[in-house]
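Right, one structure below, let's go through it.
The values are calculated or read from the model by the stated rules, or taken from the named source; none is laboratory data. Bear in mind that the values here come from a model prediction, so they are computed numbers and not experimental data. Neighbour counts are summed over all protein chains in view; Cβ atoms, including those assigned to glycine, are modelled from backbone coordinates with ideal geometry.
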Ligand SMILES: [Zn+2]
C-alpha cells in the first residue's frame, strides 16, 4: 500500500512537469508569483513526496525527521528525472530556432555552441539556466525581459529550494499528525461543534468545572449543547471543538482551537490559543450522528 502510493505520486511528480512543458510549453518549475516565490516548484515538490507520506500514515508508520529527509530526496529525484526526460524530448526547429518536443525529431544533442560545446544533458541544462530570458510583470503586464547568467543561477537555486520546501511541507503535515504510541496507530480526528467567541470565557469556566464531576460524559455534553452554535455559517469567530481519538484504545482528546476570520473572509486558526482535555469516547457519537 505504502509503496504503491509512493510510486503513484512519484510518477505524477515526474509526469506533470513533462506534460505541462510538452503540451503547454511552460516550465512549471519556473512558474512563480511575485517573482520570488517559486509556486510551481513548491507544488511539484509537494506532490512528489505526498504519496510517500500518505503511505506512511495509511500503514500507521510513525513519520520522523528521517522520513522527511527521504521525502525531500524523492522530490529532488522526481525533479531531475522530469528535467532529464524533457531534455530527451527537446528538439530544435532549424528554420525558426524554436524548441519542440518529439520522440523522433531533430534532437538538441545534434547541436552545439562555442561556449557550451555539444548540448548533452549537463551542457544544455547549463545553457538553459544561463540564457532563459526572465520577464518581469506588473499587474499581468510584462514590463521587462532580460537574460543574465548570475540571475539565472539565483533563480534556479530559488526553484530548487521551492522543491525542497514543497516536500518538507507535506512531510511536516504528516509529522504533526497525532499518533497513539500504545497502539502504534495514527489517531483520527473529527470536527465536533462550535462555541461562539464571546461565550468562550463562560463556556470554558463551566466546562473545566465539569471535568471534576463524577458523571463527566453527561455533564460536559449538556454544557456543550447549551453553548454550541453554528458560527461557521454565520461567519463569526468561534472556538472549534475537535475530537482526536485512537480507534483501538478509544483514548480521546477534545481539542479546542480559536477560529478567526482573516482579511480574505476565511477562517484561520489563532495559534496563541490552545485548550485540550481528555474526554469520554462515547461523547463523539453525539456529535457525529
Ligand atoms: Zn491507542
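Go through (1) farther than 30 Å from residue 55 by Cβ; (2) surrounded by fewer than 18 Cβ atoms within 10 Å (Cβ to Cβ); (3) in the same structural domain as residue 66 (by TED's automatic domain parsing) one by one and return the number of the condition residue 156 breaks.
Status for residue 156: all satisfied but (2).
Can you name the residue in the stretch 224-251 that is surrounded by 18 or more Cβ atoms within 10 Å (Cβ to Cβ) and closer than 16 Å to residue 199 by Cα and, of all such residues, is farthest from the ligand (Cβ to nearest atom)?
If we take residues in the stretch 224-251 being surrounded by 18 or more Cβ atoms within 10 Å (Cβ to Cβ) and closer than 16 Å to residue 199 by Cα, then 231 is farthest from the ligand (Cβ to nearest atom).
Tell me yes or no: at least one residue of the stretch 175-187 is part of a helix (DSSP H, G or I) and surrounded by 13 or more Cβ atoms within 10 Å (Cβ to Cβ).
Looking through the stretch 175-187, at least one residue is part of a helix (DSSP H, G or I) and surrounded by 13 or more Cβ atoms within 10 Å (Cβ to Cβ).
Per-residue answers, yes or no, for (1) surrounded by 18 or more Cβ atoms within 10 Å (Cβ to Cβ); (2) within 13 Å of residue 169 (Cβ to Cβ):
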| residue | (1), (2) |
| --- | --- |
| 47 | yes, yes |
| 55 | yes, no |
| 68 | yes, yes |
| 73 | no, no |
| 82 | yes, no |
| 96 | no, no |
| 100 | no, no |
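Quick check on this structure: which one of 89, 10 is in the same structural domain as residue 111 (by TED's automatic domain parsing) and closer than 28 Å to residue 175 by Cα?
10
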